[in-house]
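Colleague: For reference, the structure I am asking about is given below.
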Amino acid sequence: MPKCSLKNRILQLRVITCIFFILCVKAFIHFIITYGLYNYPHLPAEVLETQLFKQTTPNLVLQKNKPDCTYDKILNNPTTLLNWEVPKRFDDFSAKDLVNGSYVPAHCNPKFSVAILVTYRNRQSQLDIFLPYMHNFLRNQNIHYKIYLIEQQDEKLWNKGVLYNIGAKQAIRDKFPCLVLHDVDLLPLDAANLYACAALPRHMSASIDKFRFVLPYDYLVGGVLAITADQYVAVDGFSNRFEAWGGEDDDFSARLSAHKLDIVRFPREMSRYTMLVHRQEPKNTQRKRILSENRRLGDKDGLSSLPYHNTHVKNHRLFTLIGVML
Ligand SMILES: *[C@@H]1O[C@H](CO)[C@@H](O)[C@H](O)[C@H]1NC(C)=O
């Protein structure tokens, strides 16, 4: 049995000091590494509006007696929420002016039509917050938008890439020129974060509280991404081959880069999100292998080669549901 001598005590103290020192060094190195990403490169705030992709769907009947909607007030709106101020209950929520998950501003003609694609399975408590929060947020933005909820309705492995491809097909059929791919657990905090596509694919969730508002890496497109329908088709959408959690977004990022579509972002003060807490899904242990294989195979796996899946579309007031059986 070890004696509890003075020598042992000192040794113990040293170990604790040593561990503490190592942790300090690690935190310091982490700070240095992430500093650049905290101040990531972004579109200059003054030219944001000129960089936006202004197009509405031809299905939208514009009214001659109404003025065009303007966006400079929204882009310069300093209103922001702290993450603990985000409402979790919506007792007085009004679904006024919403039809099939869609909204058109009443007082002006919008310059943007945006399809918001939300992939989903079994996260009812998050959805109950997401839908009213997003409708309240988006109805302040003078845009025409529609929320599509693409739900995987089977017990097979989760396949987010396939769900996005199915949602994009439907949104393109409905002639939306701009798609926003949106995680159901992310809520925008800055009123100035206009839900619109830019000339280049726009990563919108650059600054998430879960990651201490630091952009984890510069080719990240996961979370919330705005991309034009034409660009989505040009890169052949998502790979259909990533099952379980992870990998499909990095593969999509590689597709953008292969097509010389650089990722742009808004400044950090406009790009903050809060993440609703949830259990981590089982990770896809094959994701590295599929990532490298897809690079070799090129474009043979994606939107154009989407396998047949049994889907049905149902209109609800707050969203249009696309149910999918893989
Ligand atoms: C909403 O969906 C219904 C079908 O459920 C359809 O008849 C109607 O035209 C749609 N309305 C709009 C404005 O999209």
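The values are calculated or read from the model by the stated rules, or taken from the named source; none is laboratory data. None of the values given here were measured: they were computed from a predicted structure. Here the Cβ positions follow ideal geometry from the backbone for every residue, glycine too, while neighbour counts run over all protein chains shown. Protein only, heavy atoms only, side chains kept; ligands, DNA and RNA dropped before computing areas. Shrake-Rupley method; radii C 1.70, N 1.55, O 1.52, S 1.80 Å.
Colleague: Out of all the residues in the range 210-224, which are over 13 Å from G161 (Cβ atoms) and either open to solvent by less than 30 Å² (accessible area, probe 1.4 Å) or in a loop (DSSP other than H, G, I, E, B) (or both)? Full working, then the answer.
Modeller: Step one: filter the range 210-224 for residues over 13 Å from G161 (Cβ atoms), giving 210-220, 223-224.
If the condition is that a residue be over 13 Å from G161 (Cβ atoms) and either open to solvent by less than 30 Å² (accessible area, probe 1.4 Å) or in a loop (DSSP other than H, G, I, E, B) (or both), then R212, F213, V214, L215, P216, Y217, D218, Y219, L220, G223, V224 are the ones that fit.
Colleague: Further question: For V86, state whether it is open to solvent by less than 100 Å² (accessible area, probe 1.4 Å) and either within 30 Å of Q126 (Cβ to Cβ) or not assigned by TED's automatic domain parsing to the domain that holds F176 (or both). Quick ask: steps written out before the conclusion?
Modeller: Working: open to solvent by less than 100 Å² (accessible area, probe 1.4 Å): yes; either within 30 Å of Q126 (Cβ to Cβ) or not assigned by TED's automatic domain parsing to the domain that holds F176 (or both): yes.
For V86, the condition - open to solvent by less than 100 Å² (accessible area, probe 1.4 Å) and either within 30 Å of Q126 (Cβ to Cβ) or not assigned by TED's automatic domain parsing to the domain that holds F176 (or both) - is met.
Colleague: I need the full set of residues from the range 100-109 which are open to solvent by 10 Å² or more (accessible area, probe 1.4 Å) and within 15 Å of the ligand (Cβ to nearest atom), in order please.
Modeller: Keep residues of the range 100-109 that are open to solvent by 10 Å² or more (accessible area, probe 1.4 Å), which gives 100, 102-104, 106-107, 109.
Passing the criteria: N100, S102, Y103, V104, A106.
Conditions (1) within 16 Å of the ligand (Cβ to nearest atom); (2) under 21 Å from the mean Cα position of the chain (by Cα), marked per residue:
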residue: P41; (1), (2): no, yes
residue: I74; (1), (2): no, yes
residue: F90; (1), (2): no, no
residue: L98; (1), (2): yes, no
residue: Q126; (1), (2): no, yes
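Colleague: Let me ask you something else. Which pairs have Cβ atoms under 6 Å, sit 6 or more apart or on different chains, and link a residue in the range 96-108 that is of a type in the set (D, E, K, R) to one that is surrounded by 19 or more Cβ atoms within 10 Å (Cβ to Cβ) and at pLDDT 95 or above?
Modeller: The qualifying pairs are D97/Y103.
Colleague: Determine whether N59 is exposed (fewer than 13 other Cβ atoms within 10 Å of the Cβ), more than 16 Å from the ligand (Cβ to nearest atom) and assigned to a loop (DSSP other than H, G, I, E, B).
Modeller: For N59, the condition - exposed (fewer than 13 other Cβ atoms within 10 Å of the Cβ), more than 16 Å from the ligand (Cβ to nearest atom) and assigned to a loop (DSSP other than H, G, I, E, B) - is not met.
Colleague: Output yes when any residue across the range 227-239 is aliphatic (A, V, I, L, M), under 15 Å from the mean Cα position of the chain (by Cα) and open to solvent by less than 10 Å² (accessible area, probe 1.4 Å), and no when none is. Give the steps one after another, and end with the answer.
Modeller: Taking the range 227-239 first, the residues aliphatic (A, V, I, L, M) are 227, 229, 233-235.
Now drop any that are not under 15 Å from the mean Cα position of the chain (by Cα), which leaves 227.
Now drop any that are not open to solvent by less than 10 Å² (accessible area, probe 1.4 Å), which leaves 227.
Yes, there is a match, as at least one residue in the range 227-239 is aliphatic (A, V, I, L, M), under 15 Å from the mean Cα position of the chain (by Cα) and open to solvent by less than 10 Å² (accessible area, probe 1.4 Å).
Colleague: Based on this model, can you work out whether Y133 counts as within 19 Å of S94 (Cα to Cα), open to solvent by less than 10 Å² (accessible area, probe 1.4 Å) and in contact with a Leu (Cβ under 7 Å, 6 or more places away or on another chain)? It would help to see each step written out before you state the result.
Modeller: Values: within 19 Å of S94 (Cα to Cα): yes; open to solvent by less than 10 Å² (accessible area, probe 1.4 Å): no; in contact with a Leu (Cβ under 7 Å, 6 or more places away or on another chain): yes.
So Y133 fails the test.
Colleague: Regarding the range 180-197, can at least one residue be identified that is surrounded by fewer than 18 Cβ atoms within 10 Å (Cβ to Cβ) and not in a strand (DSSP E or B)?
Modeller: Quick first cut of the range 180-197, residues surrounded by fewer than 18 Cβ atoms within 10 Å (Cβ to Cβ) only: none.
For the range 180-197, residues surrounded by fewer than 18 Cβ atoms within 10 Å (Cβ to Cβ) and not in a strand (DSSP E or B): absent.
Colleague: Among F20, F31, which is modelled with pLDDT of 85 or more and either surrounded by fewer than 10 Cβ atoms within 10 Å (Cβ to Cβ) or over 30 Å from V104 (Cα atoms) (or both)?
Modeller: Values: F31 fails: modelled with pLDDT of 85 or more.
Residue meeting the stated conditions: F20.
Colleague: All but one of (1) surrounded by fewer than 24 Cβ atoms within 10 Å (Cβ to Cβ); (2) in a strand (DSSP E or B) hold for K169, so report the exception by its number.
Modeller: (2)
Colleague: Go through the residues of the range 38-56 one by one and say whether even a single one is more than 21 Å from L189 (Cβ to Cβ), open to solvent by less than 50 Å² (accessible area, probe 1.4 Å) and in contact with a helix residue (DSSP H, G or I) (Cβ under 9 Å, 6 or more places away or on another chain).
Modeller: No; the residues of the range 38-56 include none that is more than 21 Å from L189 (Cβ to Cβ), open to solvent by less than 50 Å² (accessible area, probe 1.4 Å) and in contact with a helix residue (DSSP H, G or I) (Cβ under 9 Å, 6 or more places away or on another chain).
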